[in-house]
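The structure appears right after this line, and notes come after that.
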Amino acid sequence: MNETNQTLKILGKRIAKLRKQRGLNQENFADISGKMINTISNIERGLSDPKITTLMSIAKALNISIEELFTGNEPKQVQNELPKNITTIIQILKKQDDKTIKVIQKQIEALLELIQ
């Protein structure tokens, strides 16, 4: 195995590990990162040489810097870091239009009134 292939395998394993730590399957992660599931799968298996823009999308979806994808350093915990499920919800909501966000907000408010 040449050095490039080995690097791609290491990078893919790192991305898969970080994704799993956040409780995401490949399908959820593909949605959050804006990439196709087969793209994520190929990257995680080290079969793809991703573009820098793809790596930027992946890093953003993982809530880490692009540097952290390569260094192997675990992301530093930020004191006010949101729980994983909230971060996932925020990523999904970022892709919605204003009208959809308003509908979702009203539904959340109604649900909260029911349980309070």
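In table form, for the structure just shown:
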quantity	calculated
Mean separation of Cα contacts under 8 Å (6+ apart) over length of the chain, as relative contact order %	25 percent
Dipole-positive endmost among 92, 59, 5 within the chain (Cβ charges, Cα centre)	5
Test item: Cα-centred dipole of the chain, Lys/Arg +1 and Asp/Glu -1 on Cβ, debye	160 debye
Radius 13 Å from Cβ of residue 37, net charge of other residues (Lys, Arg +1; Asp, Glu -1)	0
Per-residue Cβ neighbour rank within 10 angstrom, fewest leading, 56, 36	36, 56
J(HN,Hα) series, the range 15-25, from Karplus relation 6.51 cos²θ - 1.76 cosθ + 1.60, nearest Hz, glycine and proline x	4, 4, 4, 5, 4, 5, 4, 8, x, 10, 8
Amide proton proximity set for residue 46, modelled H, under 5 Å, gap of 5+	12
Extension reserve of the residue 111-residue 3 stretch, reckoned as 0.36 nm per residue once the Cα distance is removed	33.6 nm
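Every number here is computed from the coordinates shown, using simple stated rules; none is lab data. Being a predicted model, the structure only gives us computed values, none of them experimental. Using ideal geometry, Cβ is built from the backbone for each residue, glycine included, and neighbour counts are taken over all protein chains shown.
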